[in-house]
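Scroll down for the structure; my scribbles are underneath it.
The values are calculated or read from the model by the stated rules, or taken from the named source; none is laboratory data. These figures come from a predicted structure and were not determined experimentally. All Cβ positions, glycine included, derive from the backbone under ideal geometry; neighbour counts span all protein chains shown.
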Amino acid sequence: MLKILSASQLQQADSDTIQQEAISSTDLMERAAHKCYEWIIENFTQSNSFICLCGIGNNGGDGLAITRMLLQAGYTANAVIVGNQTKLSKDCSINKERLLTLKPESLIEFNEANFQNAISPSCVLIDALFGTGLTRPLDDNFRNVVQWMNQSGVPIVSIDVPSGLLIDSPLPADAYCVQATYTLSFQCPKLSFLLPTTGKFVGQLVLLDIGLTATSIDSAVSTAYFLQQKDVRALLKSRALFSHKGSFGHALLVAGSNDKIGAAQLCIHACLRAGTGLVSAIVPQQGRAIIQTTLPEAMLHGTEDHISTLTDFSPYSAIGIGPGLEKNAEQTQGIKILIQEFKGRIVFDADALNILAENKTWLGFLHSEVILTPHVKEFERLSEKATNDFHRLQLAKEFAIRYKLHLLLKGKYSVLCCPDGTLYFNSTGNPGMAKGGSGDVLTGILTGLMAQGYTAKEAGIMGMYLHGKAGDIAAKKHTEFAMKAGDIIDCMGDAFAEMLVNS
């Protein structure tokens with residue numbers, strides 16, 4: 001798993017690499033710049049021209065080195081240094097001289113006229129103003145530069161960090177930041193990339209391995225990780241040759257209401273696609289025919305409309321409750337009984353979470369094999385209103401620790417908060433999944449995995465990754481605009497297959 005490290009930890013990793021490999025800081029900068037150069041020439045052509053806006057620190061040095069490499073390869077490229085050039089960092093100064101030696105006219109003076117004249121429809125801006133060392137919002141001079149860049153209408157490739165973004169803390173509401181099209185970040189994702197109000201500046205995130213020493217990364221203390229496919233593949237259990245349906249658990253899903261039978265259908269279908277051996281469901285009477293017709297593989301439990309009349313939980317290895325549920329006295333009583341009587345694995349979603357939010361004393365009776373799956377507003381009801389994304393993440397972490405459960409806070413980069421304080425950020429998924437029913441699908445997947453014997457932690461990691469991966473495959477087939485929640489389910493098999501083939 002990729003660790004999410006702070007600015008100071010990343011700077012230490014740079015220093016350790018320089019010391020252990022007996023190389024200069026300029027050599028390490030050259031290595032990083034070359035990785036960026038390789039990505040740029042793979043994704044743009046010589047019909048593009050490049051303008052690199054460089055700061056006076058090491059991020060600016062990266063930009064000057066990239067400009068030189070592009071020129072050496074026959075591309076049209078110019079660099080602009082923004083800031084007091086008498087205060088260049090050592091490595092930035094070295095790369096300035098290297099660029100001047102190669103092609104002095106490629107280093108142009110920054111002013112609005114030069115900038116506007118150099119912009120053409122085929123132009124690409126390279127943002128190398130500030131990197132991870134920035135600790136405060138940009139001042140007025142750089143705000144103007146950033147504003148010009150953002151209004152240019154051409155692609156922007158940010159090097160390591162979109163300039164103006166703080167990686168370990170929130171931005172003030174009036175702060176300026178480069179709105180990158182792509183961010184080529186070194187070695188590890190940064191926490192601010194993964195949160196909504198700061199991550200929106202990153203564009204498409206590309207992680208480049210620049211060979212920072214493994215011992216330094218391994219020794220860095222972190223409680224936050226960014227999931228990769230190999231991490232999820234390592235959790236996937238093989239299926240024994242002489243398995244039978246009882247080998248893969250029995251899930252019970254409590255979902256749907258008279259006007260939301262579709263939520264139950266999506267949840268049950270997803271649970272079946274997650275590999276569960278047996279799936280039973282409690283749904284409203286008027287939805288029973290729909291479920292039996294569309295999902296003949298599922299069983300309907302008795303004649304109950306809700307879980308409050310269920311007295312025997314022993315057949316079930318996991319229970320999922322909430323999608324499309326109606327919040328009423330019977331369902332509230334049913335959730336109370338479930339918490340009292342069933343000590344196995346449970347997933348709470350949607351109105352089941354809202355019922356818990358209205359009965360917070362019940363939270364103390366939950367346990368580590370429980371997953372709560374709130375979106376931001378649902379978590380706000382369970383906890384409190386956050387002042388910013390960093391505060392919300394801290395609240396979620398503290399919530400999981402306090403109640404000794406797993407909390408999966410849903411979003412672009414969904415995060416699983418564990419009872420020990422560890423955070424796992426998902427790396428899959430896309431905006432096309434931001435549609436009704438997507439959360440119902442996730443609940444079905446999570447319940448199905450837990451029914452098969454995966455722990456809440458394992459199911460949380462695997463479930464959100466596979467859910468997002470299936471969504472990514474669906475987006476390729478249907479586009480982010482046209483895809484719907486049911487397409488995620490239909491692509492679950494492809495998601496499993498891709499994980500197995502590419503492991």
**Asked** Can ASN84 be described as farther than 17 Å from TYR37 by Cβ, of a type in the set (S, T, N, Q) and without any contact (Cβ under 8 Å) to a residue 60 or more places away in the chain?
**Response** yes
**Request:** Looking at (1) of a type in the set (D, E, K, R); (2) crowded, with 20+ Cβ neighbours inside 10 Å; (3) over 27 Å from the mean Cα position of the chain (by Cα), find the lone condition where ARG288 falls short.
**Result:** (2)
**Selected residue (criterion: farthest from LEU134 (Cα to Cα)) from residues of region 4-50 that are among the charged types (D, E, K, R) and modelled with pLDDT under 95** = GLU21
**Request:** Give the residue, chosen from ALA357, ALA396, ALA329, ALA386, that is over 20 Å from CYS271 (Cβ atoms) and in contact with a Cys (Cβ under 8 Å, 6 or more places away or on another chain).
**Result:** ALA396
**Asked** Of these, LEU184, LEU278, LEU227, LEU253, which one is touching a Cys at 6+ places or on another chain (Cβ under 7 Å) and either of a type in the set (Lys, Arg) or closer than 28 Å to ALA497 by Cα (or both)?
**Response** LEU253
**Fill in**
Filtering region 94-149 down to residues that are assigned to a loop (DSSP other than H, G, I, E, B) and out of contact with any helix residue (DSSP H, G or I) (no Cβ under 7 Å at 6 or more places or on another chain) yields GLU109, PHE110, ASN111, ILE119, SER120, PRO121, SER122, LEU134, THR135, ARG136, PRO137, ASP139
**Request:** Name every residue in region 317-350 that is surrounded by fewer than 24 Cβ atoms within 10 Å (Cβ to Cβ), out of contact with any Asp or Glu (no Cβ under 6 Å at 6 or more places or on another chain) and charged (D, E, K, R), in order of residue number.
**Result:** GLU326, GLU330, LYS336, GLU341, LYS343
**Asked** What are the residues in region 144-170 that are more than 21 Å from CYS123 (Cα to Cα) and surrounded by fewer than 19 Cβ atoms within 10 Å (Cβ to Cβ), if any?
**Response** ASP168, SER169, PRO170
**Fill in**
Scanning region 269-286 for residues that are touching a Leu at 6+ places or on another chain (Cβ under 9 Å) and under 21 Å from ASN328 (Cβ atoms) gives ALA281, ILE282, VAL283
**Request:** Could you please find all residues in region 440-471 being touching an Asp or Glu at 6+ places or on another chain (Cβ under 6 Å) and not β-branched (Val, Ile, Thr)?
**Result:** ALA456
**ILE66 surrounded by fewer than 20 Cβ atoms within 10 Å (Cβ to Cβ) and either over 19 Å from SER106 (Cβ atoms) or modelled with pLDDT of 95 or more (or both)** = no
**Prompt:** Which condition breaks for ILE41 when tested against (1) buried (at least 21 other Cβ atoms within 10 Å of the Cβ); (2) within 30 Å of the chain's Cα centre (by Cα)?
**Reply:** (1)
**Message:** For region 1-57, give me the residue count where each residue is of a type in the set (Val, Ile, Thr), over 30 Å from TYR465 (Cα atoms) and not in a helix (DSSP H, G or I).
**Reply:** 4
